[in-house]
Amino acid sequence: MQIGEVIREFRKRKNMTQEEMANRLGVTAPAVNKWENGNSQPDIMLLAPIARLLNITLDTLLSFQKELTAEEINSIVYEIDVKLNDETYEEAFQWAKGKIEQYPNCEQLIWQMALILDARRLSKDIPDPEKYEGYINDCYVRALVSEDDNIRNRAADSLFGFYSRKEQYEKAEEYLNYFSSQDPERKRKQAFIYSKTNRMNEAYKAYEELLFSGYQMIAMVFQNLYMLAMHDKDREKAHILVEKQRELANIFEMGEYHEASCRLDLVTAEKNVEATLETMERMLASSDTICDFVKSTLYEHMEFKKPREKFITEQHNNLLTCFRDEETYSYMKKSKSWQNLVINNPYQKI
């Protein structure tokens with residue numbers, strides 16, 4: 001709001017006429033009218049008396065805002081989008097620049113305006129698009145100092161993209177430092193830089209690490225969804241989710257053991273004797289494939305510790321101990337096949 005708009009709004013809130021306000025300030029009613037219509041400004045010596053008369057602060061009178069609200073930022077962003085459609089790029093750019101100058105500390109606005117201007121500059125056929133990139137880049141850099149992690153990371157992402165498009169990969173790589181070392185997106189971008197700078201082994205390794213950790217995360221999500229379905233007694237969905245886990249282990253080449261083991265909890269919960277026996281047999285028969293992913297070409301550039309034979313044996317025998325638990329598998333007691341498998345079993349390893 002302009003100062004005249006503020007004066008008019010708060011004068012009316014106090015049910016005060018322009019003439020009454022003028023009399024109390026020692027000015028004429030036409031002077032107050034000119035302020036409110038934006039035709040002139042109050043003398044600087046009158047600012048404090050006006051604020052006191054209207055019971056507002058000087059900040060309010062001068063429409064000072066430390067930060068824009070999210071709604072106000074969205075409104076400005078919407079307006080620049082309309083202007084980019086209805087006006088020339090230069091006109092919209094100058095308007096956006098004026099807004100940034102009006103709110104020089106609003107990092108969210110600065111970054112969003114820069115992003116919109118940059119995207120439109122790249123996607124539309126506009127005259128001399130390069131002349132705008134310096135200012136847009138400066139806006140990204142200004143947003144980098146934000147205390148808001150989200151704004152800072154997005155600004156870094158924009159700068160990464162900017163220098164990558166220009167094939168200035170060393171410069172682009174600098175902005176990866178703004179991403180958390182735990183952020184998969186940082187590793188993906190780093191792999192991209194490796195591939196563009198002929199560090200191919202590093203690129204393969206980085207992508208493979210993303211693939212491997214991605215499997216672990218997705219498998220955990222599927223397991224948590226399965227647990228929710230079981231809690232809700234939605235067995236149909238539980239079966240679907242278990243099958244997805246099996247397919248996932250197959251696609252990511254985790255080995256037959258991982259494909260078989262995801263089914264155990266469900267068949268145990270359903271007390272399905274035949275399915276339980278089949279699952280146990282498959283798990284025991286494939287227990288030595290528990291680390292088969294180390295042999296997969298999907299992860300050939302990663303470094304894994306070779307599983308010790310003792311570990312494989314212990315894993316196998318631990319499974320047998322688990323399968324012998326009479327409380328968990330009480331429904332299996334009448335099955336001779338189960339007794340032969342876990343008690344008089346041919347799978348016992350020493």
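Tell me, what is the FRET efficiency for T57 and Q223 to the nearest 0.05, using R0 = 56 angstrom and their Cβ-Cβ distance as r? Kindly include the intermediate steps, with their values, before the conclusion.
Working: r = 57 Å, r/R0 = 1.01.
Computed FRET efficiency for T57 and Q223: 0.50.
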For K14 paired with E314, estimate the spin-label separation in nm (one decimal), with each label point 7 Å from Cα along the Cα-to-Cβ line. 8.2
Global form of the stretch 125-207, assessed from the alpha-carbon gyration tensor, a/c cut-off 1.5: oblate
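Taking 35 Å as R0, compute the FRET efficiency from the Cβ-Cβ separation of L210 and E274 and round it to 0.05. List each step's numbers first, then the result.
Values: r = 40 Å, r/R0 = 1.13.
Working from the Cβ atoms, E equals 0.35.
Let me make sure I get this right: for the chain, a, b and c are the square roots of the gyration tensor eigenvalues over alpha carbons, sorted descending. Under 1.5 in a/c it's rounded, otherwise prolate if a/b > b/c, else oblate. Which is it?
Details: a/c = 4.37, a/b = 2.35, b/c = 1.86.
Since a/c reaches 1.5 and a/b is larger than b/c, the shape of the chain is classed as prolate.
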Simple spin-label estimate for D128 and V145 in nanometres, 7 Å along Cα-Cβ: 3.0
List V77, V342, ordered by accessible area with a 1.4 Å probe, largest first: V77, V342
Loop-located trypsin sites (Lys or Arg not before Pro) in the stretch 1-99, at most 16 other Cβ atoms within 10 Å (DSSP): K14, K66
Distance in Å, no decimals, from the C-alpha centre of the stretch 91-114 to the one of the stretch 226-249 is 49
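Quote to one decimal, in nm, the extra length available between E327 and N33 on full extension: 0.36 nm per residue of separation minus the C-alpha distance between them.
Details: separation 294, 0.36 × 294 = 105.84 nm, distance 8.91 nm.
Fully extending the segment from E327 to N33 adds 96.9 nm.
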Counting only the backbone N, which residues of the stretch 198-212 are under 15 Å from the spot 7 Å out from the Cα of I251 toward its beta-carbon? 211-212
Linear extension gain, E91 paired with E202, 0.36 nm per residue minus alpha-carbon span: 35.4 nm
Which GluC sites (Glu not before Pro) in the stretch 161-264 sit in a loop by DSSP (not H, G, I, E or B) and have at most 13 other Cβ atoms within 10 Å of their own Cβ? E167
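Before I look further, what does the chain give for accessible area per residue, probe 1.4 Å, in whole square angstrom? Spell out each step's value before the answer.
Numbers: 21020 Å² over 350 residues.
Value returned for the chain: 60 Å² of accessible area per residue.
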Given only helices, namely DSSP H runs of n ≥ 4 each adding -39500 (n - 2.57), what is the per-residue ellipticity at 222 nm of the chain, to the nearest 500 deg cm²/dmol? -20500 deg cm²/dmol
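Under 12 Å from the Cβ of A22, count the other residues' Cβ atoms, weight Lys and Arg +1, Asp and Glu -1, and hand me the total.
So the surrounding residues net to 0.
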Loop-exposed chymotrypsin sites (Phe, Trp or Tyr not before Pro) per DSSP, neighbour cap 15 Cβ within 10 angstrom, longest uninterrupted part of the chain: 65-303
Where the accessible area of the chain is counted over protein heavy atoms with a 1.4 Å probe, how much of it, in %, is carbon and sulfur? 49
Using DSSP to define loop residues, name the GluC sites (Glu not before Pro) in the stretch 282-326 whose beta-carbon has at most 11 other beta-carbon atoms within 10 Å. E300, E303, E326
So, with points 7 Å from each Cα along the Cβ direction, the K237-V82 label distance in nm works out to 4.3
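Roughly speaking, what is the stretch gain from Y135 to D43, that is 0.36 nm per residue apart minus the C-alpha to C-alpha distance, in nm to one decimal?
Details: separation 92, 0.36 × 92 = 33.12 nm, distance 3.58 nm.
Extra length available between Y135 and D43 comes to 29.5 nm.
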Cα gyration tensor, the stretch 58-199 - rounded (a/c under 1.5), prolate or oblate: oblate
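The values are calculated or read from the model by the stated rules, or taken from the named source; none is laboratory data. Since this is a predicted model, take the numbers as computed values, not measurements. Every residue, glycine among them, receives a Cβ derived from its backbone with ideal geometry; neighbour counts consider all protein chains shown. To get the accessible areas, we keep the full protein, side chains included, count just its heavy atoms, and leave off ligands, DNA and RNA. Shrake-Rupley method; radii C 1.70, N 1.55, O 1.52, S 1.80 Å.
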